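Below is one structure; the comments refer to it alone.
Please treat every number below as a calculation from the coordinates, not as lab data. Predicted model, so just to flag it, every value in this text is computed and none were measured. In this analysis, Cβ positions are derived from the backbone assuming ideal geometry, glycine residues included, and neighbour counts consider all displayed protein chains.
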Amino acid sequence: MDKYYSYTDFLKAVGQSKKVDEAEKLLNEIYLDLFLNHIQRMHREEQLMVLIDRTLDERDEKAFHLYAAELEALHKIASE
């Protein structure tokens, strides 16, 4: 899901005057990837909240801890 973008690759693309479009394409790809990751994370958080509510209603402690741990991990990743 997450891609690694090298700052040096970006600078190389920017530094080549005849390949300004390459730098722009790379930057657009980075922004698109960040946006899609954000949307996927938000969607998964919403799913987990629904699942957590359901496990509370059903008093399923094991599933609650599983979903809560995943939600906590998502929040931790988002705050980094």
In segment 52-80, what count of residues is obtained for those that are of a type in the set (Ser, Thr, Tyr) and over 23 Å from the mean Cα position of the chain (by Cα)? 1
Can you list residue pairs whose Cβ atoms sit under 9 Å apart, with the first residue in segment 51-80 being free of Cβ contacts under 8 Å to residues at least 40 places away in the same chain and the second being in a loop (DSSP other than H, G, I, E, B) and charged (D, E, K, R)? Count only pairs 6 or more apart in sequence or on different chains. ARG54/ASP60
Over segment 29-80, the set of residues outside any helix (DSSP H, G or I) and exposed (fewer than 13 other Cβ atoms within 10 Å of the Cβ) is ARG59, GLU80
